[in-house]
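There's a structure below that I have some questions on.
The values are calculated or read from the model by the stated rules, or taken from the named source; none is laboratory data. From a predicted model like this one, the values you see are computed outputs, not experimental measurements. Cβ sites come from the backbone with ideal geometry, for glycine too, and all protein chains shown count toward neighbours.
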Amino acid sequence: MSNEEEYLQNPRYYQKRRFKKRKLERQVKKSRRRLNRLRALWKLILLLLLIALSYSLLKMPQWRLHTYAFDSLDSPALEIVNNKIVPSQKVLSALRRNQVSTKPIFLVKTDNIKESIKQLEPVQDVYIRRFWYPARLKIIVVERTPALTISPDIEVEPIAFFSSDGKLIGRDYMPLSPEFKTVRVITYGAGDDYRTWNKAKVSNIKKLALMVEDASGEPVEYIDYRDPKDVYIKIPTVKIRLGSYNAGVYDKIGRLRTLVPQVKMLNKKIKYLDLRWDSNFIKLDE
């Protein structure tokens with residue numbers, strides 16, 4: 001017997017069955033709608049809770065620098081590193097030109113802080129690292145490299161120095177740490193004012209010292225540049241008289257390879273080794 005024949009014999013039964021099926025389908029749909037609404041409500045509640053929690057976390061003071069962050073070097077919110085020439089107190093003074101931001105640390109702009117520190121003469125560049133929690137700053141100072149130190153007299157400690165890029169830096173940052181190997185230049189500034197020297201001049205004097213060290217095998221103690229037309233260079237064994245500082249000086253320096261060993265062999269007090277002329281001679285101290 002086919003389904004159609006069964007339906008014709010029992011139409012009421014099949015109507016009830018179809019009615020129950022549709023009712024069940026409506027109940028399933030209704031349950032699904034209720035479940036979807038409940039899920040949406042829970043999602044909304046969770047979202048609101050997350051927003052409230054995030055807001056509470058962002059409002060925590062640990063995300064912000066303390067108002068006294070730039071008041072002292074002992075501040076836990078501040079670290080200054082890599083400064084061997086500029087005292088940390090001077091870096092701190094530069095920082096105080098800026099107000100401590102009230103924004104969360106990850107929103108704080110550091111450009112103004114960098115520019116304030118870079119106004120310090122020995123500072124070549126500055127890098128600033130921001131740590132989020134707790135909020136703090138790490139100031140990484142990149143300083144210029146000292147090349148020459150300037151003294152007005154042999155018995156006087158250096159009063160200034162030149163960096164390798166030709167920047168003259170004054171007594172506020174003296175004395176330099178012994179770890180910096182520089183060429184000491186004795187000069188009054190007369191005849192060739194050192195305050196007008198540029199990078200090329202600094203490089204030439206540094207080159208002169210290196211050539212003397214290479215030819216003599218000894219370190220240069222100082223270059224006496226008080227008279228640019230009569231320059232002396234002192235090494236441990238002897239004082240060397242070069243005469244006028246010009247391009248021809250570099251050719252004279254090569255003679256030191258044979259002259260310095262001869263000087264060491266002499267059992268006499270020597271005033272200086274004269275390289276001004278084509279013929280070298282040793283000036284004895286009378």
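Would you check which residues across region 240-286 are hydroxyl-bearing (Ser, Thr, Tyr) and surrounded by 11 or more Cβ atoms within 10 Å (Cβ to Cβ) and list them?
So in region 240-286, the residues hydroxyl-bearing (Ser, Thr, Tyr) come out as 244-245, 250, 258, 272, 279.
Selection gives Ser244, Tyr245, Tyr250, Tyr272.
Still on this structure, I have one more. Would region 228-237 turn up any residue that is surrounded by 13 or more Cβ atoms within 10 Å (Cβ to Cβ), outside any helix (DSSP H, G or I) and out of contact with any strand residue (DSSP E or B) (no Cβ under 9 Å at 6 or more places or on another chain)?
Applying the first criterion (surrounded by 13 or more Cβ atoms within 10 Å (Cβ to Cβ)) to region 228-237 yields 228, 230-235, 237.
After this cut, where a residue has to be outside any helix (DSSP H, G or I) as well, the list is 228, 230-235, 237.
Filter once more, keeping what is out of contact with any strand residue (DSSP E or B) (no Cβ under 9 Å at 6 or more places or on another chain): 228, 235.
Yes; the residues of region 228-237 include at least one that is surrounded by 13 or more Cβ atoms within 10 Å (Cβ to Cβ), outside any helix (DSSP H, G or I) and out of contact with any strand residue (DSSP E or B) (no Cβ under 9 Å at 6 or more places or on another chain).
Out of Ile128, Ile154, Ile139, Ile150, I need the residue that is in the same structural domain as Lys229 (by TED's automatic domain parsing) and part of a strand (DSSP E or B). Which one?
Numbers: Ile128 fails: in the same structural domain as Lys229 (by TED's automatic domain parsing); Ile154 fails: part of a strand (DSSP E or B); Ile139 fails: in the same structural domain as Lys229 (by TED's automatic domain parsing).
Going through Ile128, Ile154, Ile139, Ile150 in turn, the sole match is Ile150.
With the condition kept exactly as written, say whether any residue in region 233-246 is within 30 Å of Val142 (Cα to Cα) and not basic (Lys, Arg). Steps first, answer last, please.
Just the residues of region 233-246 that are within 30 Å of Val142 (Cα to Cα), to begin with: none.
No, every residue in region 233-246 fails to be within 30 Å of Val142 (Cα to Cα) and not basic (Lys, Arg).
Does region 61-74 include one or more residues that are assigned to a loop (DSSP other than H, G, I, E, B) and at pLDDT 95 or above? Reasoning before the result, please.
Of region 61-74, the ones assigned to a loop (DSSP other than H, G, I, E, B) are 64-74.
Remaining after also requiring at pLDDT 95 or above: none.
Checking region 61-74: not a single residue is assigned to a loop (DSSP other than H, G, I, E, B) and at pLDDT 95 or above.
How many residues, within region 75-112, are polar (S, T, N, Q) and more than 18 Å from the chain's Cα centre (by Cα)? Steps first, please.
From region 75-112, those polar (S, T, N, Q) are 75, 82-83, 88-89, 93, 98-99, 101-102, 110, 112; that's our starting set.
From the residues that got through so far, the ones that are more than 18 Å from the chain's Cα centre (by Cα) too are 75, 98-99, 101-102.
Result for region 75-112: 5.
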